[in-house]
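Below is one structure, written out as structure tokens; comments come after it.
Each reported figure results from applying straightforward, stated rules to the coordinates on display, with no laboratory input. What you see is a predicted model, and the numbers here were worked out from it, not measured in a lab. Virtual Cβ from ideal backbone geometry, glycine too; neighbours counted across all protein chains shown.
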Amino acid sequence: MGVAAGILSGLFGIGGGLVMVPALIAVFGMSILDANATSLTAMLLPVGVLGVIAYYKAGYINLKNALWIALGLLVGSYFGGKLAVTIQGALLAKLYACFLIYIAVNYVDIPALFHKKRKDMRPPSESLHPAWHYSALGVFAGVFAGMFGKGGGIIIVPALVKLFKYEPKKAAATSLAALQLPVGLPGIVVYAENGHLHLMYAALIAAGIVVGALLGTKIAIKMPSMLFKRVFALFLTLMACYMAFKYV
């Protein structure tokens, strides 16, 4: 499972939690809070560093912006963990499913499918935004990461594309770089205090992520950007459907 999560982590810059949490619930029978805690812990160490190196060599990473995002993630994950342990598991899962559908619909850019000749003339804008914008994005992503056991990339990648005008693969690369710092630690502490942490499972998953992240990165670098976006949107939709019906 760790290898599969790592492939998705390197491919989409999402940290791998999107596959870990549903799999821990379905395969291992964990509650959503236990799955969230284990997922966050598995991503605590820089398990995707090999993927980050590959992205960096390919010229896709803005390290300065990634560091500002990481700072915001560190703050936001604490509040996300606090919210998660106070919300009913079924409600938490359905909120998560709705959010995934929203991201998928916006990320695939449906109008562009009917105007294929339209060219995207947006100039690169990574340097046009102040640092606090990236940190604010990190805080927002951190709250969701703490609530749903994700690394925060599920927020960061679409936001960098839509709001900061990043090319999709650069967004994924910068997100993955931000997630290599121990940004989920505050949220993990909250989950551990409430008895939801399984360290052995987290360690085994982390070992698999190291291998999978490099493989996923190699695939992403070679994938055309539009195909990249559509595959990501399809993946989000499938995960949303699973989480919505798991807790009917």
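Roughly how many nanometres apart are two label points built 7 Å out from the Cα toward the Cβ at Leu67 and Leu163?
Spacing of the two 7 Å Cα→Cβ label points: 2.2 nm.
Relative to the compact-globule scaling 2.2 N^0.38 Å, provide the ratio for the alpha-carbon radius of gyration of region 34-76. Let's see the in-between values first.
Values: Rg = 12.6 Å, N = 43, 2.2 N^0.38 = 9.2 Å.
Ratio of Rg to 2.2 N^0.38 Å for region 34-76: 1.37.
May I ask for the angle, rounded to the nearest 10°, between helix 2-12 and the longest principal axis of the chain, with both axes built from Cα atoms and the value confined to 0 to 90°?
30 degrees
Quickly estimate the mean residue ellipticity at 222 nm for the chain, helices only: each DSSP H run with n ≥ 4 gives -39500 (n - 2.57), and the total goes over all residues, rounded to 500. Walk me through the numbers before you get to the answer.
Values: 13 runs with 181 residues, N = 248.
After summing the helix terms and dividing by residue count, I get -23500 deg cm²/dmol.
For Trp68, Trp132, which order do you get if you count the other beta carbons within 10 Å of each Cβ and list the fewest first?
Values: Trp68 21, Trp132 11.
Fewest-to-most ranking of Trp68, Trp132: Trp132, Trp68.
Just to be sure I understand: with springs between alpha-carbon atoms less than 10 Å apart, which residue in Leu227, Leu128, Leu44 has the highest mean-square fluctuation in the Gaussian network model of the chain?
Leu128
Would you kindly state how much longer the chain becomes between Ile87 and Ala192 on full extension, computed as 0.36 nm times their sequence separation minus their alpha carbon distance, in nm to one decimal?
Fully extending the segment from Ile87 to Ala192 adds 36.2 nm.
Given an 8 Å cut-off on Cα distances and at least 6 residues of separation, report the relative contact order of the chain as a percent.
The normalised contact order for the chain reaches 44 percent.
Taking the 0 to 90 degree range and rounding to the nearest ten, how far is the long axis of helix 32-42 tilted relative to the main principal axis of the chain, both from C-alpha atoms?
It is inclined by approximately 60 degrees.
In a GNM of the chain with a 10 Å cut-off on Cα contacts, which of Ala70, Ala93, Ala26 has the highest mean-square fluctuation?
Ala26
Taking DSSP loops as anything outside H, G, I, E and B, show the longest stretch in the chain free of trypsin sites (Lys or Arg not before Pro) there with at most 15 other beta carbons within 10 Å.
Free of exposed loop sites, the longest segment is 120-248.
Compare Leu163, Leu40, Leu18 in a GNM of the chain, Cα atoms joined below 10 Å, and give the one with the largest fluctuation.
Highest fluctuation of the listed residues: Leu163.
Take the residue pairs Lys94/Lys165; Lys82/Lys222; Lys150/Lys222 and return only those whose Cα atoms are more than 32 Å apart. Mind dumping the intermediate values first?
On the way: Lys94/Lys165 30 Å; Lys82/Lys222 39 Å; Lys150/Lys222 25 Å.
Checking Cα-Cα distances, Lys82/Lys222 exceed 32 Å.
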